[in-house]
Every structure is written in C-alpha cells, then in structure tokens.
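A.B. asks: Structure incoming, see below.
What follows draws every value from the coordinates through simple rules; no lab data is involved. Note that the structure is predicted; figures quoted are calculated from it, not measured. Positions of Cβ are generated from backbone atoms using ideal geometry, with glycine treated the same way; all protein chains shown enter the neighbour counts.
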Amino acid sequence: MSSTREIAEVLWARCLEADHKPGRVQFTKYLYLIDYSHWRFHGQQATDAHWIFYLYGPWAAEAHAAMNEIAAAYGFSWGEEEETVLRFVRVEEPPPRQSAGMEGIIQHILRAFKDRDLNHLLNFAYGQTEPMLAAKRGDSLDFTLVPVDQTMPAFSPPKPQMVETQLHPKMAERVAAFRARAGQLRAKAEQRNSYRESEEYRTAMQLLAGEMGAGWKLPDLRTKMSDESATALGEG
C-alpha cells in the first residue's frame, strides 16, 4: 500500500500529461476510484486513505491533505481555471512510474471521465460503488463489499439494445415488395456481369473493335455497349 500523497502525486502528473486539470471534487473522486478499482484486483486499497461518506460522497482527510500539499508544491490553487493551470504548471521531475497495473487503472479512469461532465463521475462514485451504496452519511466506507473479480469497473453503462418495432401491416407489405424488387435488380445485375465475362461477349467486342478501327479500345467499348446490342451483334 502506498501513501495517499504518493498516489496523488502520480495522478496529478498523469492529469497534466493528458492536458487535464481536474477540480478539487473531481480529483478527490479519482483517488477514491483508484482505491475502488485496485481493490477489485488485489483485495486492498492502493492508498492509506480512510474514506468516509461525507456530505454527499466519498471523502478522506488524507486525500484532502495530499491535494493541499500538491497545490502548495506546484504553486496553484484548486479553484483556478484549467487553462491557466495547464499553461503555467509543470512537473519538472515526474514521480516514479507505478506498476503497470496501477498506471493502467489511472489511465482507465482518466479516459473515462476527463472529457465528460462531472455528473458522470459523481453518479458512478455515489451510486454504483458498493461502499457508498451500503453506507450512511458519516459512516466509514467498507471496501470489503467490493468484489475481487480481477476486472475494471464498467464506468460507462452499456449501450441500450435496439428494440425491434412492429411495422404497420401496409408498411410491412411495402417493405417486403421493395426488398423483393431489390433482389430482382441484384440478380439481373449479377446476370449482366456474368455475361460480360463470357467468351460470347468478348468475341462480339472484338468484332466490333475490328469494324470500328484500330483506334478503338476494347475496355472502353465494354463499358459503353448494352447487353442487348452485344447479343444482336453476336447473332449477326
């Protein structure tokens, strides 16, 4: 288990690398989801934060302190506009990279939420994580309720399946007639394409090319002559 400050420092660096400056609430929930996701793989938190149900959602004194220390160290305020922070704040010496698993968790969280409305993040943290669902305001969050299933949380809800609608009988009849006509046209087109590959068609084109002179090219004639004309020429 790493200190909350250590994980927060890495998370902050990854946010800047992604041109993303989260607000205080957003960053706090990122840290909570890191612990939540880490538990699903290892059965323990990534940080030493003691998370509680505070006011409306997960909060930890350790996370609050770590974020204040990061702001002081890098010379910014969590209330500043994102554009200002991204322009002037730099991580001169990036913190050591974490394990591949930890780095993967951080990137997964950032990809899911950095470009979305804050409510998407809050809705997941508040309403789709077992510790929050089981707690009352003021309670400690119980991570033992989180399944250790070796999978990342599905931060985005699955796309709803399309429900097949019933067509009105007259409309269904028209659609069936259209599909039948389309099938006939496809069959006719395939028949024509097959005929153009036949020896009979090639012979007719060669005869026509001979009559029209050496300046006529066979490929051009094939594209301009109808099947009916080629058949009549072959019979003549």
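A.B. asks: Mind giving me the FRET efficiency for Thr151 and Asn119? R0 is 25 Å, r the Cβ-Cβ distance, nearest 0.05 is fine.
C.D. replies: Working: r = 24 Å, r/R0 = 0.98.
Rounded to the nearest 0.05, the efficiency is 0.55.
A.B. asks: What full-extension length gain, to one decimal in nm, is calculated for Tyr195 and Glu211 as 0.36 nm per residue of separation minus the Cα-Cα distance?
C.D. replies: That works out to 3.6 nm of additional length.
A.B. asks: Just report the Cα centroid separation between region 1-15 and region 26-61, whole Å.
C.D. replies: So the two Cα centres are separated by 12 Å.
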